[in-house]
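Only the coordinates and a few stated rules stand behind these numbers; no lab work does. Small disclaimer: the values here were computed from a predicted structure and weren't measured. Every residue, glycine as well, gets a Cβ built from its backbone with ideal geometry; the counts of neighbours run over all protein chains shown.
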Amino acid sequence: MRVILRRLALRAGRIVGRALVVAGLASVWACAARPPVELSGRVTHVSDGDSLWVQTRTAGAPTEVRLVDIDAPELCQAWGPESKAALKSLVDGKAVTLRTVGRDAYGRTLAHVAVDGQDVNATLVQEGHAWSARGRSGHGPLLKQERLAIALHRGLHARLGALLPQDFRRIHGPCQAGAAASDAVPLSGNAAPRRGAAADETPPATATQRCDGRTMCSQMTSCAEATWFLNHCPGVKMDGNHDGVPCERQWCRR
């Protein structure tokens with residue numbers, strides 16, 4: 001009799017265990033199949049071209065949001081500041097709708113962002129301020145918008161050799177704190193030494209200063225930066241009168 005009772009108890013335990021496993025799998029599936037959560041709020045700050053902070057009605061403090069399906073240039077990368085400015089012009093201080101899809105490795109809320117019915121994520125890619133995020137196949141959900149921006153030479157695609165942010169990080173590493181526009185950290189000062197001047201008269205390059213394909217005065221951020229590019233980089237078009245002083249109208253006024 002004891003043997004029979006033990007066998008029955010073992011069978012009951014197995015049945016209960018299987019039921020718990022099935023229930024657990026059903027719970028996981030229910031979470032995976034759960035539709036995106038929609039939230040409303042107001043943008044309080046724009047960090048860069050694909051991340052911002054939103055004060056929602058349900059949270060006490062602003063929530064950091066990463067725009068899903070896009071990848072904007074790093075702030076220290078070429079077109080990084082322009083990308084941030086584009087996002088800021090679309091959403092800063094405005095009421096937005098978030099369609100959240102989860103969180104990233106940094107704890108940021110991943111979301112599709114809409115303002116006045118406009119899909120902000122898709123707009124940034126279509127206007128050339130960001131790339132479509134790449135999957136393992138190399139394709140992205142906003143690849144159609146990206147191809148349109150490339151075909152029309154919009155935004156960052158107006159320049160040849162624009163790097164995907166992931167490639168930029170792989171080659172140059174992450175941006176340093178306080179890094180400014182472009183792949184280079186802008187140099188301070190207004191002096192513009194002439195070409196051929198003594199080496200110690202040229203503003204020194206920082207560890208991250210490098211030729212990055214920029215050739216025009218409109219792409220510079222200071223006289224010192226324009227001077228460095230003129231003296232070190234090929235194909236620069238910033239010294240029309242060939243007097244060794246670049247960008248005399250914009251940056252290096254005498």
Report task. Sort out which residues of segment 49-70 are part of a strand (DSSP E or B) and either of a type outside the set (D, E, K, R) or in contact with a helix residue (DSSP H, G or I) (Cβ under 7 Å, 6 or more places away or on another chain) (or both), and write them in order of number. Result -> S51, L52, W53, V54, Q55, T56, T63, V65, L67, I70
Query - So L87, is it buried (at least 19 other Cβ atoms within 10 Å of the Cβ) and more than 27 Å from S218 (Cβ to Cβ) - result: no
Query raised in the report: Between a first residue in segment 109-122 that is touching a residue at least 24 places away in the same chain (Cβ under 8 Å) and a second residue that is among the small types (G, A, S) and surrounded by 24 or more Cβ atoms within 10 Å (Cβ to Cβ), which pairs have beta carbons less than 6 Å apart while being 6 or more apart in sequence or on different chains?
Result: none
**Report entry** Residue check for L98: aliphatic (A, V, I, L, M) and farther than 25 Å from C175 by Cα
**Finding:** yes
Query raised in the report: Got a sec? Which helices (runs of 4 or more DSSP H) wholly within segment 71-184 have at least 2 residues that are closer than 27 Å to T56 by Cβ and in contact with a His (Cβ under 6 Å, 6 or more places away or on another chain)?
Result: 80-91
